[in-house]
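Visitor: Quick one: the structure is below, and I'll ask about it shortly.
Where a number appears in this text, it was derived from the coordinates with a stated rule and is not lab data. None of the values given here were measured: they were computed from a predicted structure. No Cβ is skipped: glycine too gets one built from the backbone with ideal geometry, and neighbour counts run over all protein chains shown.
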Amino acid sequence: MLAALARRATLSLIGAIAFVLPSVVRAQTFTVHRAAIGGEGGTDYLAADTATGRVYVSRGTHVMVVDGATAKVLADIGDTPRVHGIAFAERDGHGFTTNAGDSTSTMFDLASMAVVKKVHAGKDGLDGIMYDDATDRILTIDHSRPEGSAVVIDPKSGDVVTTIALSGRAPEGGVSDGTGRIFINLEDRNAIDVVDTKTWKVVATWPIAPCDGPTGIAMDRAARRIFAGCSDSSVVVDANTGKVVAVLANGDGVDALGWDDVEKLMYIPAGRDGTVTVYHEDAPDRYTRVAVVKTMPGVKTIAIDQKRHGAYGFTPEYGPAPAPAAGETAAPSRFPRRGPVIGTAFFTITH
């Protein structure tokens, strides 16, 4: 049964709802392809390497490297305990992960995908990760205690440069404007920390209500607009003022969002609803919903290939959860018990 589930036969799903749109946006039909890629473990973030077309999928203790065009598994990067995210420093030829299990970042070669070294990056809670092209630096974003932090790494050598003290306990995604500012979501404060890369210090903290629990983040640099993924309505923030300029309804269970900078499309996945809401940026402060694409519950993060304009999502499929042991109380939990992994679903969204 498991062998059959792991076959990489690609299924086409009808997964888009078309809308009547203003004249500035043509109606768009999205197609969803699903493939089984096998492998063990849960998942968090995935990342698309535009230079190669590869998609890196976090799987708890390892990272699967998948060809985005064929869903063929190309390689597997091991020894990444409780891995959350993956980022790339293309000019240095290296990729990096965040491993919460041992507070390290695995540095690997982008050509061969071989591990170069493990970098001690923080003391606990490694989660999000990003690359800043303006400084040529990798930042791991950590749920440290008593407050969160970001560890700055030189991607050429793998040396730790400095550690940034953040203003919240639960920092998540980060994005760079390319001109000296980095913006980091604070899930526990419903806010964004603004970091100056000259000093590597927080210079402002912006509340972004009505956003609740911001996680994923992206940016339109040309328009100077930040997109923060939130629980049921995401927000657009003016990167010059910190003001929320638009609120965008989406499904429940958002943990990341994706931005296609060429096509001006924002993809917001909802892990509980099993949908991806797609918006078009008509103007810096005006957005049109162009589709609600059906995936499946569990697809909470997304990665965008800026060259091929594909969006990728992933989730394991779980069997029935085991019954509580005798005398065990089934207390409510944010993370309900799960059954064993019985399959995998790798989604490619195109239009």
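Visitor: Can you tell me the relative contact order of the chain? Whole percent, Cα pairs under 8 Å, sequence separation 6 or more. Working shown, then result.
Guide: On the way: 1040 pairs, mean separation 49.3, N = 351.
With pairs under 8 Å counted, the relative contact order is 14 percent.
Visitor: Take the Cα of Val161, step 7 Å along the line toward its Cβ, and report every residue of segment 76-106 whose backbone nitrogen sits under 17 Å from that point.
Guide: Backbone N within reach: 87-97, 105.
Visitor: Continuing with the same structure: For Ala134, put the label point 7 Å out on the Cα→Cβ axis and report which residues of segment 185-222 keep their amide N under 14 Å from it.
Guide: 194-204, 219-222
Visitor: When all alpha-carbon pairs of segment 37-111 are counted, what percent fall beyond 18 Å? Write down the numbers at each step before the final one.
Guide: Working: 867 of 2775 pairs.
Distances greater than 18 Å cover 31 percent of the Cα pairs.
Visitor: Among Thr197, Pro320, Gly298, which residue has its Cα furthest toward the positive end of the charge dipole of segment 193-351, with +1 on Lys/Arg Cβ and -1 on Asp/Glu Cβ?
Guide: Looking along the dipole axis, the top candidate is Thr197.
Visitor: Taking R0 as 30 Å, what FRET efficiency do you get between Asp212 and Asp261 from their Cβ-Cβ distance, rounded to the nearest 0.05? Walk me through the numbers on the way to the answer.
Guide: Numbers: r = 26 Å, r/R0 = 0.88.
FRET efficiency, Asp212 to Asp261: 0.70.
Visitor: Let me ask something additional. Just to confirm the filter: which GluC sites (Glu not before Pro) across segment 137-196 are DSSP coil and have at most 16 other Cβ within 10 angstrom of their Cβ? Mind showing how you got there, number by number?
Guide: Details: sites: Glu147, Glu172, Glu187; in loops: Glu147, Glu187.
Answer in residue order: Glu147.
Visitor: Something else: How many nm is it between the label spots at Tyr318 and Ala69, if each spot is 7 Å from the Cα in line with the beta carbon?
Guide: Taking the simple label geometry, Tyr318 and Ala69 are separated by 3.6 nm.
Visitor: Oh, and also: Out of Val32, Val203, Val116, any idea which swings most in a Gaussian network model of the chain, alpha carbons joined below 10 Å?
Guide: Val203
Visitor: Another question, then. Fewest Cβ neighbours within 10 Å first, please rank Leu248, Leu139, Leu46 accordingly.
Guide: Working: Leu248 20, Leu139 29, Leu46 23.
The most exposed by this proxy come first: Leu248, Leu46, Leu139.
Visitor: Please compute the volume of the convex hull spanned by the alpha-carbon atoms of segment 166-230 and report it per residue in Å³. Provide the component values of the computation, followed by the final result.
Guide: Working: hull volume 4.4 nm³, N = 65.
In segment 166-230, the Cα hull volume divided by residue count equals 68 Å³.
Visitor: Here's another thing I want to ask about it. Between Asp252 and Ile342, what is 0.36 nm times their sequence separation minus the Cα-Cα distance? Round to one decimal in nm.
Guide: Numbers: separation 90, 0.36 × 90 = 32.40 nm, distance 2.43 nm.
Gain on stretching Asp252 to Ile342: 30.0 nm.
Visitor: What is the fewest-to-most order of Leu126, Leu265 by other Cβ atoms lying within 10 Å of their Cβ?
Guide: Working: Leu126 28, Leu265 22.
So the residues, fewest neighbours to most, are Leu265, Leu126.
Visitor: Taking all pairs of different Cα atoms in segment 200-351, averaging 1/r and flipping that mean, what Kirkwood radius in angstroms comes out?
Guide: On the way: mean 1/r = 0.0597 Å⁻¹.
Result for segment 200-351 stands at 16.8 Å.
Visitor: Hey, another quick one. Under 10 Å, Cα contacts only: if you run a Gaussian network model on the chain, which one of Thr301, Thr29, Thr199 comes out with the highest mean-square fluctuation?
Guide: Thr199
Visitor: Okay, next question. Using only the alpha carbons of the chain, determine the length spanned along each of the three principal axes and report them from longest to shortest in whole angstroms.
Guide: Largest to smallest, the principal-axis extents are 55, 52, 49 Å.
Visitor: Which entries of Lys118/Lys156; Lys201/Lys264; Lys117/Lys307; Lys264/Lys300; Lys264/Lys294 have Cα-Cα distances beyond 24 Å here?
Guide: Lys201/Lys264; Lys117/Lys307
Visitor: Quick check: pseudo-label points 7 Å beyond the Cα along Cα→Cβ at Glu147 and His33, how many nm apart are they?
Guide: The answer from the label model is 4.7 nm.
Visitor: Quick check for me: using +1 on Lys/Arg Cβ and -1 on Asp/Glu Cβ, what's the dipole size of the chain about its Cα centre, in debye to the nearest 20?
Guide: Details: 35 positive and 41 negative charges, 112 e Å.
Taking the Cα centre of the chain as origin, the dipole is about 540 debye.
Visitor: Per residue of the chain, what 222 nm ellipticity follows from adding -39500 (n - 2.57) for every DSSP H run with n ≥ 4, rounded to the nearest 500?
Guide: Working: 1 runs with 5 residues, N = 351.
Computed mean residue ellipticity for the chain: -500 deg cm²/dmol.
Visitor: Where Rh is the Kirkwood radius over the Cα pairs of segment 113-170, the temperature 25 °C and the viscosity 0.890 mPa s, what D in µm²/s does Stokes-Einstein return? The partial results should precede the final answer.
Guide: Values: Rh = 11.7 Å.
My calculation gives 209 µm²/s for D.
Visitor: For segment 98-197, max minus min Cα coordinate along each principal axis, in Å, sorted largest first?
Guide: Principal extents (Cα only, largest first): 40, 32, 19 Å.
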